Amino acid sequence: MKKKLKDVCSGFTKNIAQKELDDIDGDYEIYGASGLIKKIDYFVSDVPYIGIVKDGSGVGRVNSYPAKSSLIGTMQYIIPNEDVDLQFLMYALRSMNLGNLFKGAAIPHIYFKEYKEFNVNVPSFAEQKQIAATLDKIQSAIDNKKQQLALLDEAVKSEFVEMFGENPVESGKWKVEKLGDCGTFKNGMNYSPNENGVDILCLNVSDFKDNYKIQDCKTLSSISLNEEPASEYYLQNDDIVFVRSNGNKKLVGRCVALYPNDCKVLFSGFCIRFRKSTDNLNTDFLLHFLKTDLTREQLKGKGANIQNLNQQILANLHLPVPPLSLQTQFAAFVQQIDKSKSLAKQQIADLQELLDSKMQQYFA
């Protein structure tokens with residue numbers, strides 16, 4: 001039976017700002033768009049509920065939350081009626097892809113009033129439970145694979161520490177050099193797209209996800225330019241590209257190694273390219289060093305609003321240079337881990353496709 005969302009649940013918000021929580025501690029969890037924030041001394045909902053990100057990054061994301069907990073003000077509470085299963089409704093809401101409805105040029109937002117008239121198929125309560133149980137099993141398998149990926153990443157971190165120490169720059173065990181003495185830097189190209197121009201692949205900040213190596217350039221988007229760019233703006237195998245500037249502080253300093261092979265790939269003006277000029281650095285070793293917490297702290301950009309990383313900061317970065325044989329040994333370990341990660345990612349993609357098809361079947 002089709003029903004309006006407003007007839008199967010209710011929605012409300014509480015204006016809790018994260019800055020208000022600094023001096024509050026307690027036993028009750030409060031969540032934000034990225035997960036648990038902390039524990040405080042009060043709660044908003046005494047029953048389990050659904051939370052939807054209504055403002056900012058991740059707008060439209062849907063999850064379920066436990067009783068006696070709260071949400072930050074950028075999220076909305078959805079409480080199902082007594083005859084509606086919580087998990088069933090959560091998947092129904094996910095199937096609506098609410099993030100596609102966001103409004104607002106600077107800060108996207110979506111509110112219950114904007115989707116409360118949407119229709120949803122609501123079978124009997126027993127059928128709802130059965131559907132939710134089926135989808136929960138698939139989601140659990142996806143979560144397990146994601147946990148496997150996290151453990152594989154931890155294995156690489158542990159191997160790095162085992163081989164080179166917690167702080168290899170300060171240990172005194174290895175030769176230390178500045179990154180600027182090991183290669184050259186180049187800022188990316190600022191461009192004005194032209195719909196009638198030549199299509200060229202381009203590495204943009206949006207491509208800096210959880211990847212540290214990009215070996216399939218088909219995943220990159222293309223831009224259309226009036227004329228062929230200078231050759232210095234094209235990337236080569238083993239080039240490392242950093243995010244130079246972005247409104248999201250967490251992205252500044254993030255880096256990837258690119259292997260364009262036979263593809264012609266540019267890099268945008270929000271990026272800086274590093275190209276090795278020495279044979280004493282293994283790219284896998286260097287990449288892992290660049291993503292350690294100690295290095296990330298050094299690469300924090302400067303700027304009040306839009307954070308900026310410049311060539312001077314990168315050039316003055318100190319890095320350890322152990323014997324190449326040890327770097328290569330570490331790289332071989334990373335490559336084995338990468339194979340396991342690739343398999344896990346493919347399994348996640350297959351499971352997600354299954355989950356999407358099931359939700360389409362149940363909620364279309």
Quiz item: Being in contact with a strand residue (DSSP E or B) (Cβ under 6 Å, 6 or more places away or on another chain) and of a type outside the set (D, E, K, R), is that true of even one residue in region 92-103?
Solution: yes
Quiz prompt | Where a residue in region 150-162 is over 17 Å from residue 213 (Cα atoms) and touching a residue at least 24 places away in the same chain (Cβ under 8 Å) and its partner, wherever it lies, is open to solvent by 50 Å² or more (accessible area, probe 1.4 Å) and of a type outside the set (Lys, Arg), with Cβ under 7 Å and at least six apart | solution = 159/333
Quiz item: Would you pick out the residues in region 44-91 that are assigned to a strand (DSSP E or B), open to solvent by less than 20 Å² (accessible area, probe 1.4 Å), without any contact (Cβ under 8 Å) to a residue 60 or more places away in the chain and not β-branched (Val, Ile, Thr)?
Solution: 45, 49, 51, 69, 70, 71
Quiz item: Is there a residue in region 330-351 that is open to solvent by 70 Å² or more (accessible area, probe 1.4 Å), touching a helix residue (DSSP H, G or I) at 6+ places or on another chain (Cβ under 8 Å) and at pLDDT 95 or above?
Solution: no
Self-check item: Only one of 162, 117, 127 that is at pLDDT 90 or above and not in a helix (DSSP H, G or I)
Solution: 117
Practice problem: For residues that are part of a loop (DSSP other than H, G, I, E, B) and open to solvent by less than 40 Å² (accessible area, probe 1.4 Å), scanning just region 105-114, find the one that is modelled with the lowest pLDDT. | Solution: 108
Quiz item: In this structure, is residue 36 within 22 Å of the chain's Cα centre (by Cα), more than 22 Å from residue 101 (Cβ to Cβ) and modelled with pLDDT under 95?
Solution: yes
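Results for (1) free of Cβ contacts under 8 Å to residues at least 60 places away in the same chain; (2) farther than 26 Å from residue 160 by Cα; (3) in contact with a Pro (Cβ under 8 Å, 6 or more places away or on another chain); (4) buried (at least 17 other Cβ atoms within 10 Å of the Cβ), shown as yes or no for each residue.
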residue	(1), (2), (3), (4)
276	no, no, no, yes
279	yes, no, no, no
282	yes, no, no, yes
317	no, no, no, yes
324	yes, no, no, no
327	yes, no, no, yes
359	no, yes, no, yes
Quiz item: For region 211-227, does any single residue satisfy the condition of being in contact (Cβ under 8 Å) with a residue 60 or more places away in the chain and surrounded by 14 or more Cβ atoms within 10 Å (Cβ to Cβ)?
Solution: yes
Quiz prompt | residue 132 closer than 17 Å to residue 357 by Cβ, touching an Asp or Glu at 6+ places or on another chain (Cβ under 7 Å) and either open to solvent by less than 40 Å² (accessible area, probe 1.4 Å) or outside any helix (DSSP H, G or I) (or both) | solution = yes
Quiz item: Based on what the data block shows, is residue 148 closer than 16 Å to residue 359 by Cβ, surrounded by 14 or more Cβ atoms within 10 Å (Cβ to Cβ) and either in contact with a helix residue (DSSP H, G or I) (Cβ under 6 Å, 6 or more places away or on another chain) or of a type outside the set (Asp, Glu) (or both)?
Solution: no
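The values are calculated or read from the model by the stated rules, or taken from the named source; none is laboratory data. Being a predicted model, the structure only gives us computed values, none of them experimental. Positions of Cβ are backbone-derived with ideal geometry, glycine not excepted, and every protein chain shown enters the neighbour counts. Just so you know, the surface numbers come from the protein's heavy atoms only, side chains and all, with ligands and any DNA or RNA stripped out. Shrake-Rupley method; radii C 1.70, N 1.55, O 1.52, S 1.80 Å.
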